[in-house]
Amino acid sequence: MGLLAAALAVFTGVGAGVGIGVASGKAVEAVSRQPEASGKIQTILIIGLALAEATAIYGLVIAFMILGKI
């Protein structure tokens, strides 16, 4: 049961990966439409990617906690 729970917790990385891919694609589209706004778009993108990646890291930490490694 614990292994299943840990696997589900790590599965948050899949959601984060999809979210990062979608956000990056939309940022590329936005920069191609408005190159003069690339600085603002890049800043917002980096903040969003960091928040998406944080969810994956939280899932990994929870999986380790479930398995009793921390």
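The values are calculated or read from the model by the stated rules, or taken from the named source; none is laboratory data. Just so it is clear, the structure is predicted and the values come from calculations on it, not from any experiment. Neighbour counts run over all protein chains shown; Cβ positions are idealised from the backbone, glycine included.
Among all positions in region 22-39, there is at least one residue which is surrounded by fewer than 13 Cβ atoms within 10 Å (Cβ to Cβ), of a type outside the set (Ser, Thr, Tyr), assigned to a helix (DSSP H, G or I) and touching a helix residue (DSSP H, G or I) at 6+ places or on another chain (Cβ under 8 Å). Can residue 17 be described as surrounded by 12 or more Cβ atoms within 10 Å (Cβ to Cβ), touching a Gly at 6+ places or on another chain (Cβ under 9 Å) and in a helix (DSSP H, G or I)? In short, no. For residue 60, are the conditions met, namely being at negative phi, touching a residue at least 40 places away in the same chain (Cβ under 8 Å) and exposed (fewer than 13 other Cβ atoms within 10 Å of the Cβ)? So residue 60 does not fit the description; no.
Answer with yes or no whether residue 10 is surrounded by fewer than 13 Cβ atoms within 10 Å (Cβ to Cβ) and within 20 Å of the chain's Cα centre (by Cα). Against the criterion (surrounded by fewer than 13 Cβ atoms within 10 Å (Cβ to Cβ) and within 20 Å of the chain's Cα centre (by Cα)), residue 10 does not qualify.
Would you check if residue 57 is modelled with pLDDT under 95, touching a helix residue (DSSP H, G or I) at 6+ places or on another chain (Cβ under 6 Å) and under 12 Å from residue 10 (Cα atoms)? Criteria not met by residue 57.
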